[in-house]
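Okay, structure first, notes after.
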Amino acid sequence: MRLTRRHLARTLHLVLAAVVGGALAAPLPTAEAQTPKKGGVLRVAERADPVGFDTLGQKKAAVYTQLALTFTHSRLFRYTPTGEVVPDVAEKWAQPGPTTYVITLKKGVLFHNKPPVNGRELTSEDVKFTFERLPGSPEERLFPTLKAVTAPDKYTVRFELSAPASAFIPNLAATTMFIYAKEAGKVGADGARDYTSAETVVGTGPFVLEEYREKQRLVFKRHPQYFEAGKPYLDGVEVYTIPDASAQLAALRSGRIDLIPAGTGQGLAHQMAPEARSIPGAKVLTQRVFQTSENLIGRLDQKPWSDVRVRRAAALSVDREGFMKAIYPEGADPLSGPVPLPSKYFIPLDKLGEPARYYKQDVAAAKKLLVEAGFPSGFKARLNTTPGYGPDYLSRTELLKDMLGKIGIDTSIAVHEYPVWISSVYKGNYEGLTHIPAWTLGDEDEWLGTYLPGDTRNHIHLEDGKITELVKGARQARNEETRAAQIRQFVGVFHDQLYRIYLPQPVLLTVVHSRVKGYVPTVRGYSYPVSIVGAWIE
Amino acid sequence: MGTFLARRVGLMVPTLVLVSVMVFAVMRLVPGDVVSLMFADLGYAKSLAEMRARLGLDQPFLEQYVRWIGRLAHGDLGRSLWTQRPVTSLLAERLPVTLELTLLAIGFGVAYGGVAGVLAAAWRDTPLDAGLRGTAVAFLSLPTFWLGTLAIVLPSLYLGWSPSIQIIPFGADPLGHLAQFALPAALLGTHLGAPVMRMTRAMMLEVFRQDYVRTAEAKGLAPGRVVMIHALRNAMIPSLTIVGVQVAQAIGGSVVMETLFQLPGMGSLLIEAVAHRDFELFQSLVLCLALFVMAVNLAVDLAYVAVDPRLRSAGR
């Protein structure tokens, strides 16, 4: 009965709006429409819920854990929705020497008023404690040269490094580097603090976790003492776990949710965009994110992939235009890599010079290269993939197989169960070729690190002295000019050698109802909640 | 009846032992270096040795098994390696959802299958019979995930309504709670009920040809009484057998419904346990599900006895 009445009321409202709107034909002034309004609850759909609430534990923090804590916790620095690194609870920072950083904290930053922290002020001891948790955590990789963290006074933190790290400040904005209150953690058997359970979620972020029902929902309320005056505008946010995309759209259509974000680097499937647009009031927003595109790889320490002519031939087999039209109707770019497309270090194809020709399909040239490499009849290879990234991913593997087949690289698709994929293929233990998924990471530094010999994500077994020198040079650069020069040179070498063959990168799709104002999709990491801080309900 | 029950329960014990051995062995027979996966990629321990010790894999197989059974006997189902939560608390949250969904689906399937089967048999070779048989074939052929998706998308398109996106507690809103389960249970139930309908119809036609039915009709009993009292009771046993077999199928189907309708039950938990190689959780879940299937089959066996008095005397 309630639903019928609501439906009737909505219909009447639409009719009235049409009549009145038609009569007046005068939209509200834009400035007035864009004035933030306090109150209201935003309802968000996500595909999964957090796996614990600790980003500095023994295991790599799940994406959904990072998202949840972006609501509740602060970092020293954070990304803006457009990707710039700005202070979060840091007031200012200084670099008195190449390996020393001194960060001054904002005063009056209060934790949530939940026991046992009870709304006390954040101090440098909390930051020190957080960084003391780093050893043994996967996040240690972000700060390989960190030597010591001290708290000389209540609001000052001093970081000493063993070598310069050009990405030290940007890495503090990673969506894993949240500041934890020591007393909020539970003492484990080994005496260490544990932040797995929802009761330990006490931060200084814009929202307070009020309720967590596993596989159902997270309920956040506004942090009334949030340090950014006047924000957030919303009274609360409810994040519902809805794994199925059709069910998410149905919930948006029936008014149960307001936002389907692309916060996990996936977004709505392009094929579902027309359905999303048909929902009254729904808008489909597109975004280009800090994500390198799916790519084709092989082991560089094994034949035939060790021969650059074979890699170039494979690159020439890819019909990027066809790929984009067939799979990404909402828009795509020809590639995103080896640094992500929105990065200032990304080199677009029209400025890439000679290597740009390998990104345009040329079957004849590809076959010629294979002949030169000693494969006049092509060769057979395994093409590894997994169903772990959804059925669409497997379809793209099949498309890749077809394209490679046109130049004589006869691949047989080997489908690996996801855990096996993670434990073998993803670690670089594979034969033949592999279709690798897109990567969402933080600063460019994270991508560069994956090309160092011995890095667990160096799936391609790259050991190129020049690349190693450039990566290390960029990581230890003492100024931006040097860093930029090193990274751009790295990008040039990478494209010339085609260590990875990057495939087209789609724009990501966010669906938002027009009653939600001020929400802009974020471009970096798993940080869409920062955009929610500036959003409101009309 | 008591002897029959004792014998059936007694038979469950070796079955349960066999299931427990199989479940326990599966973890140790899975191809690939599972322990290194759990240690290195999932971060379940700080070292390979700690991971092996944590799983008890540093002990002889038999000792591992005996210890596991010992812990089970004390109600200790272990702790999820992925979420760090006790398995018992996960079960307490998830099991009621699956039980409710499965039992409602079976109830719906039996009601639909039974009624439709009887009607189709009573009006054999009429348009009603053809319609009911066609519907049953359709329910049997259409995948539940497709039906479920339609059941979510179509009402949202034409009525602006979609199912609740969170569990409505029974205590807070009993009707709302039941309504939330009704749609997925009905969809699952139609799939389960279709074979019941076909079997019931076939058996009813068989029974209609029996002498005692003809006698009942000849002595002037009302057609409804002949069908419901004399024919149906004798036609029910094969249908009950099908229901027993379908419990496992219902649990499998509940995984899809749980995902589509945001019902956090055992099905999705089992999938997650497999995906995360969370064997501590996986072992306990499979054992619980096996126990549930066995319990339902026991209930079906008892129903045989209630329906057929000859089995009661045979059981003595």
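Per 0.36 nm of contour for each residue apart, how much would the distance between B:Leu103 and B:Gln59 grow if the chain were fully extended, relative to their Cα-Cα spacing?
The B:Leu103-B:Gln59 span can extend by a further 11.8 nm.
Looking at the range A:426-481, which trypsin sites (Lys or Arg not before Pro) are in a loop (DSSP not H, G, I, E or B) and have at most 12 other Cβ atoms within 10 Å?
Listed in order of number, the matching sites are A:Arg478.
Between A:Leu404, A:Val425, A:Ala438, whose Cα lies farthest towards the positive end of the dipole of the range A:372-467 when Lys and Arg beta carbons carry +1 and Asp and Glu beta carbons carry -1, centred on the Cα centre?
A:Leu404
Find, to one decimal place in angstroms, the Kirkwood hydrodynamic radius of chain B, where the mean of 1/r is taken over every pair of different Cα atoms and then inverted.
22.4
Would you pull out the residues with amide H under 5 Å of A:Ile409's amide H, same chain only if 5 or more places away, H placed 1.01 Å from N?
Correct list: A:Phe379.
Once a ≥ b ≥ c are taken as the square roots of the eigenvalues of the Cα gyration tensor of the range A:499-538, is the result rounded (a/c under 1.5), prolate (a/b larger than b/c) or oblate (a/b not larger than b/c)?
oblate
Run the helix sum for the protein assembly as shown: -39,500 (n - 2.57) per DSSP H stretch of 4+ residues, divided by residue count, reported at 222 nm to the nearest 500 deg cm²/dmol.
Dividing the helical sum by the residues of the protein assembly as shown leaves -14500 deg cm²/dmol.
Treat the range A:311-416 as a sphere of radius equal to its Kirkwood radius over Cα pairs and apply Stokes-Einstein at 37 °C in a medium of 0.692 mPa s; give the translational diffusion coefficient in µm²/s, rounded to a whole number.
218
In nanometres, what is the gap between the two model label sites at A:Gln58 and A:Glu321, each 7 Å from Cα along Cα-to-Cβ?
5.4
Pairwise over distinct Cα atoms, reciprocal of the mean inverse distance: report the Kirkwood radius of the range B:161-224 in Å, one decimal place.
Computed over Cα pairs of the range B:161-224, the Kirkwood hydrodynamic radius comes out at 15.5 Å.
Return the average number of partner chain Cβ atoms within 10 angstrom of each residue Cβ along peptide B:269-278.
The per-residue average across the peptide is 2.
State the extension gain, in nm to one decimal, for the chain segment bounded by A:Lys406 and A:Asn113, taking 0.36 nm per residue of separation less the distance between their alpha-carbons.
Roughly 99.1 nm would be gained on extension.
Once you have a ≥ b ≥ c as the square roots of the Cα gyration tensor eigenvalues for chain A, tell me rounded if a/c is under 1.5, and otherwise prolate or oblate according to whether a/b is larger than b/c.
Oblate.
Step through the residues of the range A:331-337 one at a time and calculate ³J(HN,Hα) from phi using the Karplus curve (6.51 cos²θ - 1.76 cosθ + 1.60, θ = phi - 60°), rounding each to whole Hz and writing x for Gly and Pro.
The phi angles translate into x, 7, 10, x, 6, 9, x Hz.
To the nearest 0.05, how large is the calculated FRET efficiency for A:Ala485 and A:Tyr418 if R₀ is 56 Å and r is the Cβ-Cβ distance?
0.90
Share of Cα-Cα pairs in the range A:80-189 beyond 23 Å, in percent?
Summing the P(r) of the range A:80-189 above 23 Å gives 29 percent of all pairs.
Once you place label points 7 Å from the Cα toward the Cβ at A:Glu132 and A:Asn429, how far apart are they in nm?
Taking the two extended label points, one gets 3.8 nm.
Kindly provide the pair-distance distribution of the range B:203-313 built from C-alpha pairs, with 10 Å bins from 0 and whole-percent values in order of increasing distance.
That works out to 13, 29, 23, 17, 13, 5, 1, in percent per bin.
When all protein chains stay in place, what accessible area (Å², nearest 10, 1.4 Å probe) is found for B:Leu103?
100
So which of A:Lys406/A:Lys466; A:Lys128/A:Lys154; A:Lys59/A:Lys427 end up more than 22 Å apart by C-alpha?
Long pairs (Cα-Cα over 22 Å): A:Lys406/A:Lys466.
Where in chain B are the DSSP H helices whose alpha-carbon span along the long axis reaches 27 Å or more and whose Kyte-Doolittle mean is at least -1.0?
Membrane-span-like by this criterion, though nothing is claimed about a membrane: B:2-29, B:87-122, B:174-208, B:232-260, B:279-307.
Which order do you get for B:Val21, B:Val300 if you rank them by accessible area with a 1.4 Å probe, largest at the top?
The ranking, largest first, comes out as B:Val21, B:Val300.
How charged is the neighbourhood of B:Asn234? Take every other residue with its Cβ under 10 Å from the Cβ of B:Asn234, and add Lys/Arg as +1 and Asp/Glu as -1.
After counting each charged neighbour, the total is -1.
Just how large is the dipole of the range B:197-304 about the Cα centre, in debye to the nearest 20, putting +1 at every Lys and Arg Cβ and -1 at every Asp and Glu Cβ?
In total the dipole reaches around 700 debye.
To make sure I understand the rule: partners must be aspartates and glutamates, Cα under 18 Å from the Cα of A:Lys380, and not fewer than 8 residues away in the same chain. Which ones qualify?
Correct list for A:Lys380: A:Asp301, A:Asp307, A:Glu372, A:Glu398, A:Asp402, A:Asp410, A:Glu431.
Which of the helices in chain A meet the span-like rule: DSSP H, Cα axial reach of 18 Å or more, Kyte-Doolittle mean at least -0.5?
A:2-24, A:391-405
Please report the equivalent ellipsoid semi-axes of the range B:231-282, computed as sqrt(5 x eigenvalue) of the Cα gyration tensor, largest first, in whole Å.
In descending order, the three semi-axes are 32, 13, 6 Å.
Calculate, for A:Gln302 and A:Val86, the FRET efficiency according to 1/(1 + (r/R0)^6) with r their C-beta to C-beta distance and R0 35 Å; round to the nearest 0.05.
0.20
About its Cα centre, how strong a charge dipole does the protein assembly as shown have in debye, to the nearest 20, once Lys and Arg get +1 and Asp and Glu get -1 at the Cβ?
Result for the protein assembly as shown is approximately 1220 debye, rounded to the nearest 20.
Quick check on packing: order A:377-384, A:389-396 by the mean number of other C-beta atoms within 10 Å, highest mean leading.
A:377-384, A:389-396
Give me the distance in nm between label points sitting 7 Å out from Cα along the Cα-to-Cβ direction at A:Glu372 and B:Phe170, one decimal.
Between A:Glu372 and B:Phe170, the label points sit 7.4 nm apart.
Heads up, I need the accessible area for A:Asp301: 1.4 angstrom probe, whole protein in place, Å², nearest 10.
Counting only protein heavy atoms, the figure is 80 Å².
What is the average number of partner chain Cβ atoms found within 10 Å of a Cβ in B:144-152?
Per residue, the average neighbour count from other chains is 2.
Principal axis lengths of the range A:424-526 from Cα atoms, whole Å, largest first?
54, 40, 23
Please list the non-local residues whose amide H lies under 5 Å from the amide H of A:Val109, H modeled 1.01 Å from N, same-chain partners needing a gap of 5 or more.
A:Leu122
In whole Hz, what ³J(HN,Hα) sequence does the range A:80-95 give by Karplus (6.51, -1.76, 1.60; θ = phi - 60°), x for Gly and Pro?
Along the range A:80-95, the couplings run 7, x, 8, x, 6, 8, 10, x, 9, 8, 6, 8, 7, 9, 9, 10 Hz.
Just name one of B:Val243, B:Ala116, A:Thr123: the one whose Cα is farthest towards the positive end of the charge dipole of the protein assembly as shown (beta-carbon charges, Lys/Arg +1, Asp/Glu -1).
Farthest along the dipole direction, towards plus: B:Ala116.
Accessible area per residue of the protein assembly as shown at 1.4 Å probe, in Å²?
43
Would you work out the charge dipole size for the range A:205-339 about its Cα centre, treating the Cβ of every Lys and Arg as +1 and the Cβ of every Asp and Glu as -1, and quote it to the nearest 20 debye?
Its charge dipole is roughly 240 debye.
If the cut-off is 18 Å between C-alpha atoms, which aspartates and glutamates fall inside it for A:Lys283, apart from same-chain ones fewer than 8 positions away?
Leaving aside aspartates and glutamates fewer than 8 places away in the same chain, those within reach of A:Lys283 are A:Glu46, A:Asp258, A:Glu275, A:Glu330, A:Glu538.
Using DSSP to define loop residues, name the trypsin sites (Lys or Arg not before Pro) in the range B:77-177 whose beta-carbon has at most 16 other beta-carbon atoms within 10 Å.
B:Arg124
May I ask what percent, to the nearest 5, of DSSP beta bridges between residues of the protein assembly as shown are antiparallel?
75
Enumerate the amide H contacts of A:Asn295 below 5 Å, restricted to partners 5 or more residues apart or on another chain; note that Pro and chain-start residues carry no placed amide H.
A:Ile436, A:Leu503
The values are calculated or read from the model by the stated rules, or taken from the named source; none is laboratory data. Quick caveat, the model's predicted, so the values are computed rather than measured. Positions of Cβ are backbone-derived with ideal geometry, glycine not excepted, and every protein chain shown enters the neighbour counts. Each accessible area value is taken on the protein alone, full model and side chains, heavy atoms only, with ligands, DNA and RNA left out. Shrake-Rupley method; radii C 1.70, N 1.55, O 1.52, S 1.80 Å.
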